[in-house]
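A short write-up of the structure that comes next.
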Amino acid sequence: MAWDSSTRRASLPPDWPAIRVRILTRDQGKCTWVHEGKRCGWKATDVDHIVPHSQGGTDHDSNLTSLCSWHHRRKSAAEGHAARRPVISRQRPRKRHPSEL
């Protein structure tokens, strides 16, 4: 994450460092990502909002989870992709055949 150009840090509570340590400790320092019934279990390096602030998520412990950097990047990329505006087609509309008029 390029924190230098991001405004997301400003949306975090002032005690974020303490919250981060608490969540990493709660999750035993392991990634909580689950895929096909199996937990990742790699070393957690990031604390992530399950439901992002932009979608009404809070900084409450129940909305925070520990992720390894790989899963955090993957989740963040998916959220960013989903937030993009729909692509407007630059194709011309199909001309209707006279029999369709």
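Condition check ((1) assigned to a loop (DSSP other than H, G, I, E, B); (2) of a type in the set (D, E, K, R); (3) open to solvent by 80 Å² or more (accessible area, probe 1.4 Å)) across all residues:
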position: W70; (1), (2), (3): no, no, yes
position: R73; (1), (2), (3): no, yes, yes
position: A77; (1), (2), (3): no, no, no
position: H81; (1), (2), (3): no, no, yes
position: Q91; (1), (2), (3): yes, no, yes
position: R94; (1), (2), (3): yes, yes, yes
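Only residues that are touching a residue at least 12 places away in the same chain (Cβ under 8 Å) and either among the hydrophobic types (A, V, I, L, M, F, W, C) or open to solvent by 100 Å² or more (accessible area, probe 1.4 Å) (or both) were counted across segment 25-35, and they come to 3. Scanning segment 44-68 for residues that are within 18 Å of R9 (Cβ to Cβ) and either open to solvent by less than 50 Å² (accessible area, probe 1.4 Å) or at pLDDT 95 or above (or both) gives T45, D46, V47, D48, H49, P52, G57, D59, N63, L64, L67.
Among the residues making up segment 10-27, those that are under 13 Å from N63 (Cβ atoms) and of a type in the set (V, I, T) are I19, I23.
Quick one: would you say K38 is under 30 Å from W16 (Cα atoms), open to solvent by 100 Å² or more (accessible area, probe 1.4 Å) and modelled with pLDDT of 95 or more? Here the answer is no, as K38 does not meet what is asked. Within segment 13-70, count every residue that is aromatic (F, W, Y) and either in contact with a helix residue (DSSP H, G or I) (Cβ under 8 Å, 6 or more places away or on another chain) or farther than 24 Å from A83 by Cβ (or both). Total satisfying the criteria: 2. Listed by first and then second residue, the pairs with beta-carbon distance under 8 Å, at least 6 apart or on different chains, first residue in segment 63-86 and of a type in the set (S, T, Y), second open to solvent by 50 Å² or more (accessible area, probe 1.4 Å), are T65/I50; S66/R26; S66/K30; S69/T45; S76/M1.
The values are calculated or read from the model by the stated rules, or taken from the named source; none is laboratory data. Note that the coordinates shown come from a computational prediction; the quantities given were computed from them, not determined experimentally. Neighbour counts run over all protein chains shown; Cβ positions are idealised from the backbone, glycine included. Calculation scope for accessible area: heavy atoms of the full protein, side chains included, ligands and nucleic acids excluded. Shrake-Rupley method; radii C 1.70, N 1.55, O 1.52, S 1.80 Å.
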